[in-house]
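The values are calculated or read from the model by the stated rules, or taken from the named source; none is laboratory data. Not measured: the values here are computed from a predicted model. Cβ coordinates were reconstructed from backbone atoms using ideal geometry, including for glycine residues, and neighbour counts include every protein chain displayed. Protein only, heavy atoms only, side chains kept; ligands, DNA and RNA dropped before computing areas. Shrake-Rupley method; radii C 1.70, N 1.55, O 1.52, S 1.80 Å.
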Protein chains: 2
Amino acid sequence: MEETNELTLFLANLDEKQVPEAVYSRCKALFLDWLASAYASKKLHPIPLFEHFAQYMGPQTGKATILVSEKSTSAYFAAFVNAACSHLVEQDDLHNSSVLHPATVVFPAAFAAAQDLDISGKDFLLACITGYEAGIRIGEFLGRSHYKIFHTTATVGTLAAAVAVGKLMKFSQSQFLHLIGTAGTQAAGLWEFLKDAADSKQLHTAKAAANGLLAAYFTRDGLTGAQNILQGRQGLAEGMSSDAQPEFLNDQLGQRWALLETSFKYHASCRHTHPAADALLMLMKKNALKFEDISEITAHVHQAAIDVLGLVTIPKTIHQAKFSMGTVLGLIAVYADAGLDSFKKHALEDDNVISIRDKVRMILDQEIDKNYPKKWLGKVTVKTKKNQVFSELVTDPKGDPLNTLTQQELEEKFIKLCDFSGMFNEIERKKIIKNTWKLDQFSHVSELFN
Amino acid sequence: MEETNELTLFLANLDEKQVPEAVYSRCKALFLDWLASAYASKKLHPIPLFEHFAQYMGPQTGKATILVSEKSTSAYFAAFVNAACSHLVEQDDLHNSSVLHPATVVFPAAFAAAQDLDISGKDFLLACITGYEAGIRIGEFLGRSHYKIFHTTATVGTLAAAVAVGKLMKFSQSQFLHLIGTAGTQAAGLWEFLKDAADSKQLHTAKAAANGLLAAYFTRDGLTGAQNILQGRQGLAEGMSSDAQPEFLNDQLGQRWALLETSFKYHASCRHTHPAADALLMLMKKNALKFEDISEITAHVHQAAIDVLGLVTIPKTIHQAKFSMGTVLGLIAVYADAGLDSFKKHALEDDNVISIRDKVRMILDQEIDKNYPKKWLGKVTVKTKKNQVFSELVTDPKGDPLNTLTQQELEEKFIKLCDFSGMFNEIERKKIIKNTWKLDQFSHVSELFN
C-alpha cells in the first residue's frame, strides 16, 4: 500500500514546472504519432462498427471529436472510437519494459475529456505525461506473468487513461486513490483472441480508454473506489499476476521520466517482430544478400515473443500477418520494408514472401530473454543456399529511445499514414503537424483543428 | 473447447417449446423481483451518479427506460443504470452453486435491448432464460477460486447479459461463439472494494450489463471474438481461475433448468449471511430466547462467507452493514427482521444491535463447506448468559428453491421495496405486478408500463 500511496501522492502533486522541457517535447511527438495511427485506420474493419455503435448508443453531437469521421459526440464515445482507431494499424508507440502501448489509451481519453472540459494544450500535455508515468509503472509492477495472459494495454491501459483524465480534473491524492480503485476493478482484456485473428484488440483499447475516462468522471462526482486495488489481497496483482513487484510502482518518481523511454514504431507490425526485422535488414545489407539466397532464418527471441507470435503460422488477415514473424521477415527480405503498404500488397499472397515465411523459425534465446523487457534485443541467423551462415545482433531497434525517429521521420510517418487511408489533403496534413508542435501554446486543445 | 461448443449449440437451438412452463413462470417471478430491487434504489447513493453520467454522455431520449427516473435513453445506458440500481439494496436473486446474481445483469441488458429491438414478452423471457442457463453454468465452471478474488456477478455477469441479448437477436452457434469471446475478454470486477465499503459493486453490475449488451450489438454487426475464451490457454479460466471444471459448461443442457435453482432474497443483506440468520431466527423462536439472554453467537459457515464477510468488523455504511455477519445476526436477535427498513433504522447506531454484533464470530465448518456452493447450510450455536448452549441447523434458507417465496410474498416484497423509495402510488404498483404476470402475452415488452 505504501508504494501506491507514494505513487498517488506524486500524481496529485506533479506540477508543470517539475517536468523537463524534453518530456513535453517528446509528448508532443508521441501525440503526433498517435494522431497518425488513428487517421490511418479510417474505413478499415472493424472501425466502422465502432463509429456505428457510438452513433446508435450515444449523442449525435457533443464537444469531443471522432478523429476519422471528424464528427462530434460525447467525450465517452470519442475516447471509445479514437482508441479503437489508433491501435489498428500497429503503428502506435510502445514502452519496452512495461510492454504497454500508452498512446492508444492515454491520448484518446485525455483528448476527449480535454475537449469536453475546455482544457489548455499545456494542461493537456501535463495530464498525458502523468498518465504515461503512472501506466508504465503499473505495467512494470504487474510483470511478465500478467502479460502472458492479459493484454497489458487493455488492463493497465484502463488505469493509465483514468490517471490522465484525473489529472485534467486536478485530482487530490485521495481522489487518485479512489480513481485507481474504480479503474482497476474494470481492468480486462485477454490474449486469447490473437490466434483466431479476432477483432478484440481494438475493442480492448476502446474499452480501456472509455472505462478510464468513466472512472475519472465518476470519481469527480463522488464515487468511491477500493483503496488498495493494486496491492490488496483481492486486488489486481493478486488476481491477475504471479510475479508482481511493488517497488516498480514508486520507482524514481520525478527523477526517471518513463515517457522518454517509449519507442516509436517504424515497421507496421507487432513490436515483438521489430528487433529481428532490424537485425535481418542490417544482415542482408552488410552481406549483400538477396532473398533468393536464403535457405533458413532463425530469429533468436525472448519468451514473450513466442507467447504472442507463436500462435500465428499461416496468417489469415493482414492484421494477423503483423503478428507473424515469418511474414514480417519475409517482407523485410523481399522488399526491405514492412510498412503499411507492404503489408497491404504483399503480406498474404506474395509467393516470394510466403517462401521466406516458411523458412523462418523462432527460438528462445536465454541472453535476449534475460534482457527483456528492459531491452528488446534483435538477433537473427541466416543460412544461405550455399551453406554460408551469417548472424547479426541489434541492441536498439529503430524507434527505440536510443535510436529514436527524428522530427522529419515522424512528420513523414504522419503523412504516410494519412496517405494510407486518404485522410486530409496536403494543406490540412501540414496544418495538423504544425499545430501539434505548438499545442502547448493553445488555450484550448480543440485549436488543434483550427 | 468441446464443452463450449456444446453450450453454444444449445444456446442457438433453444426454442420456446423446449422450455417447461414452470421455467417461464419462475422467470416472470424473478423479473418482478428484479424490478422491485431496482425501484428500491431510487435516490440512494450512488444511483444519481449513474443517472447523471448516462444523461451527460448518452442521448437525452431513446427507446429504453431508466426505471427509477422513468426517463428514456439508448439501450446501452438504460442497461448501465438499471443494472447499477438493482444490485444496491441487496434484495436481488442469487444462484447458489455459481454464486452468481443473475437477475441484476441479465434483466437490465435484455430488457433495454428488447425495448430497443421491439421484442415480444415471450421472446424476452426466452432470452432471459437463455442468459440464466449460460451464466450459471459459466459461473460453476470458473469455480470457487475465481469467486475468492473476482466478483462473479461482474465477470460472469458480462457473459450472462451478452447471451441474453444475443438470444433476443436470434444468434446462430457461430455468433454465440464470437459473442462469448467478445464478452469474455471484457470480464472484470475485483472484491477488493468490499473492505473499504467502496461503491464498486454497482459499477460492476452496470458495466457487466452494458458490456454484455455491447458485445451482442457488435457481434450482430460483424465483430469477431476469440473462439475459445472460456477454455483456451490465454482465456478466462487460465487467467482468472485455478479450479475450473469444464464439465459444468455443458451440464445437463435442456434437462436441468438452472434458473429454477435460483433463490430469492428474503433478508436485505449479503446472501452469505442468510443461512445463519434463518438458523438464529428459528433457534430463538424454538427456545423462546430474547436478545438480552445471549452471551455468544457462533455462526458455522463455509469458507467463502469468511472471505467475503470476514473483512467487515465495524460497518461504516448501511451497505457495508449488509456484509457484516454480526450486524445481520444482531438485527435478527433484536428485531427478528433484517429487511430494508431495519437496516436503515438500526444497522449502524442501535446499541442493542451493536451489543449483539460484538458477540458474533464466524468459524469455518468443514461439513458446511463441503456442501457449498451446491447447498448453503445455516448453523448457529448460541451460548446464553446462564451458560445454556443451543444449536440450530437450517438446510434450506428462506427463498431457496426448496423454500421459495410464494406469489403473495413476492408481491408483498415488491410493494415493500417500492415503499422504501417512495416509487409509484398503489395503483401503479398493482398495475406493474399485474402486467408482469402476463408479460408473455405482450407483443412488445414496453407494454409492461401501459
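Report, by residue number, each residue of the stretch B:191-203 that is at pLDDT 95 or above and not in a helix (DSSP H, G or I).
B:Ala198, B:Asp199
Residues that are open to solvent by 10 Å² or more (accessible area, probe 1.4 Å), more than 10 Å from chain A (Cβ to nearest Cβ), within 30 Å of B:Asn228 (Cβ to Cβ) and of a type in the set (Gly, Ala, Ser) do occur in the stretch B:7-25, at least one of them.
Got at least one residue in the stretch A:284-297 being over 30 Å from A:Leu11 (Cβ atoms), touching a His at 6+ places or on another chain (Cβ under 6 Å) and assigned to a loop (DSSP other than H, G, I, E, B)? No - not one qualifying residue is present in the stretch A:284-297.
Among the residues of the stretch A:421-436, what is the count of those that are part of a helix (DSSP H, G or I) and in contact with a Lys or Arg (Cβ under 8 Å, 6 or more places away or on another chain)?
2
On the basis of being open to solvent by 10 Å² or more (accessible area, probe 1.4 Å), more than 15 Å from B:Leu213 (Cα to Cα) and either without any contact (Cβ under 8 Å) to a residue 60 or more places away in the chain or not β-branched (Val, Ile, Thr) (or both), does B:Glu90 make the cut? The answer is no for B:Glu90.
Looking across the stretch A:52-74, the residues that are more than 7 Å from every other protein chain (Cβ to nearest Cβ) and buried (at least 21 other Cβ atoms within 10 Å of the Cβ) come down to A:Ala54, A:Gly62, A:Ala64, A:Thr65, A:Ile66, A:Leu67, A:Val68, A:Thr73. Condition first: at the interface with chain A (Cβ under 7 Å from one of its Cβ atoms) and more than 20 Å from the chain's Cα centre (by Cα). Can you find one or more residues in the stretch B:193-201 that meet it? Among the residues of the stretch B:193-201, at least one is at the interface with chain A (Cβ under 7 Å from one of its Cβ atoms) and more than 20 Å from the chain's Cα centre (by Cα), which makes the answer yes. The lone criterion from (1) within 19 Å of A:Leu309 (Cα to Cα); (2) open to solvent by 20 Å² or more (accessible area, probe 1.4 Å); (3) in contact with a His (Cβ under 9 Å, 6 or more places away or on another chain) left unmet by A:Ala338 is number (2). Within the stretch A:306-326, the residues that satisfy the criterion of being hydrophobic (A, V, I, L, M, F, W, C), open to solvent by less than 40 Å² (accessible area, probe 1.4 Å) and more than 16 Å from B:Arg233 (Cα to Cα) are A:Ala321, A:Phe323, A:Met325. The condition of being in contact with a Pro (Cβ under 8 Å, 6 or more places away or on another chain), farther than 24 Å from A:Thr152 by Cα and polar (S, T, N, Q) holds for A:Thr327. Scanning the stretch A:55-69 for residues that are more than 21 Å from B:Ala79 (Cβ to Cβ) and either in contact with a helix residue (DSSP H, G or I) (Cβ under 7 Å, 6 or more places away or on another chain) or without any contact (Cβ under 8 Å) to a residue 12 or more places away in the chain (or both) yields A:Lys63, A:Ala64, A:Thr65, A:Ile66, A:Leu67, A:Val68, A:Ser69.
Across the stretch B:147-190, what is the total count of residues that are in a helix (DSSP H, G or I), at the interface with another protein chain (Cβ under 10 Å from one of its Cβ atoms), open to solvent by 10 Å² or more (accessible area, probe 1.4 Å) and not aliphatic (A, V, I, L, M)? Within the stretch B:147-190, residues that are in a helix (DSSP H, G or I), at the interface with another protein chain (Cβ under 10 Å from one of its Cβ atoms), open to solvent by 10 Å² or more (accessible area, probe 1.4 Å) and not aliphatic (A, V, I, L, M) number 2. Would you confirm whether or not the stretch B:327-334 contains a residue that is open to solvent by less than 10 Å² (accessible area, probe 1.4 Å), outside the structural domain of B:Arg144 (by TED's automatic domain parsing) and closer than 26 Å to A:Ala226 by Cα? Yes - at least one qualifying residue is present in the stretch B:327-334. Between B:Val81, B:Val89, which is within 14 Å of chain A (Cβ to nearest Cβ) and either closer than 30 Å to B:Lys374 by Cα or assigned to a helix (DSSP H, G or I) (or both)? After applying the criteria, what remains is B:Val81.
Restricting attention to the stretch B:209-240, the residues that are surrounded by fewer than 23 Cβ atoms within 10 Å (Cβ to Cβ), part of a loop (DSSP other than H, G, I, E, B) and more than 7 Å from every other protein chain (Cβ to nearest Cβ) total 2.
Kindly evaluate B:Phe111 against the criterion of being more than 26 Å from B:Pro246 (Cα to Cα), part of a helix (DSSP H, G or I) and at pLDDT 95 or above. For B:Phe111, the condition - more than 26 Å from B:Pro246 (Cα to Cα), part of a helix (DSSP H, G or I) and at pLDDT 95 or above - is met. Quick one: in the stretch B:42-51, of everything that is part of a loop (DSSP other than H, G, I, E, B) and within 14 Å of another protein chain (Cβ to nearest Cβ), which residue is surrounded by the fewest Cβ atoms within 10 Å (Cβ to Cβ)? Applying the filter and picking the extreme gives B:His45.
Here A:Ala206 meets each of (1) out of contact with any Leu (no Cβ under 7 Å at 6 or more places or on another chain); (2) open to solvent by less than 10 Å² (accessible area, probe 1.4 Å); (3) in a helix (DSSP H, G or I); (4) closer than 27 Å to B:Lys148 by Cβ with one exception, condition (4). If the condition is being in contact with a Cys (Cβ under 8 Å, 6 or more places away or on another chain) and either farther than 18 Å from A:Lys438 by Cα or open to solvent by 10 Å² or more (accessible area, probe 1.4 Å) (or both), then the stretch A:109-146 contributes only A:Tyr132. I'd like the full set of residues that are within 22 Å of the chain's Cα centre (by Cα), buried (at least 17 other Cβ atoms within 10 Å of the Cβ) and without any contact (Cβ under 8 Å) to a residue 40 or more places away in the chain, limited to the stretch A:348-401. Once the filter is applied, which keeps residues that are within 22 Å of the chain's Cα centre (by Cα), buried (at least 17 other Cβ atoms within 10 Å of the Cβ) and without any contact (Cβ under 8 Å) to a residue 40 or more places away in the chain, the stretch A:348-401 yields only A:Asp396.
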